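Worksheet: one structure, shown below.
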Amino acid sequence: MSRYSKARPAAQPTIQPLRYTIPEFAKVQGGISHALVYRRIARGEIRVVKDGDRTFITHEESLRYAKTNHPSLTVDPRPRED
């Protein structure tokens with residue numbers, strides 16, 4: 001190794017969140033609008049969990065929604081490593 005070479009840091013594992021806020025979910029789903037997310041929640045197409053006054057969508061629900069609404073996407077069914 002030359003004196004000008006820099007060692008690359010080890011790759012960090014990707015950690016999936018357990019749940020998403022509405023804006024996070026909208027972004028993860030390809031940038032859909034918040035209004036569309038709320039409409040689909042109201043129609044029962046997206047299941048939510050409440051924590052006090054806050055509304056969240058679980059990671060599992062995000063995968064289910066993606067598979068249902070974007071069938072061309074490949075969703076990795078393996079559980080996350082915690």
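The values are calculated or read from the model by the stated rules, or taken from the named source; none is laboratory data. Not measured: the values here are computed from a predicted model. Cβ sites come from the backbone with ideal geometry, for glycine too, and all protein chains shown count toward neighbours.
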Can you report the number of residues in the stretch 23-59 which are among the aliphatic types (A, V, I, L, M) and farther than 17 Å from Asn69 by Cβ? 1
Return the residues of the stretch 7-28 that are β-branched (Val, Ile, Thr) and either within 10 Å of the chain's Cα centre (by Cα) or modelled with pLDDT under 95 (or both); say none if nothing qualifies. Thr14, Ile15, Thr21, Val28
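If we keep just the residues of the stretch 19-49 that are among the hydroxyl-bearing types (Ser, Thr, Tyr) and surrounded by 12 or more Cβ atoms within 10 Å (Cβ to Cβ), which is nearest to Glu60 (Cα to Cα)? Please lay out each step first, then the result.
Step one: of the stretch 19-49, the residues among the hydroxyl-bearing types (Ser, Thr, Tyr) are 20-21, 33, 38.
So of that shortlist, the ones also surrounded by 12 or more Cβ atoms within 10 Å (Cβ to Cβ) come out as 20-21, 38.
On the way: Tyr20: 10, Thr21: 14, Tyr38: 18 Å.
It comes out as Tyr20.
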In the stretch 51-82, the residues that are at pLDDT 55 or above and of a type in the set (Asp, Glu): Asp51, Asp53, Glu60, Glu61, Asp76, Glu81
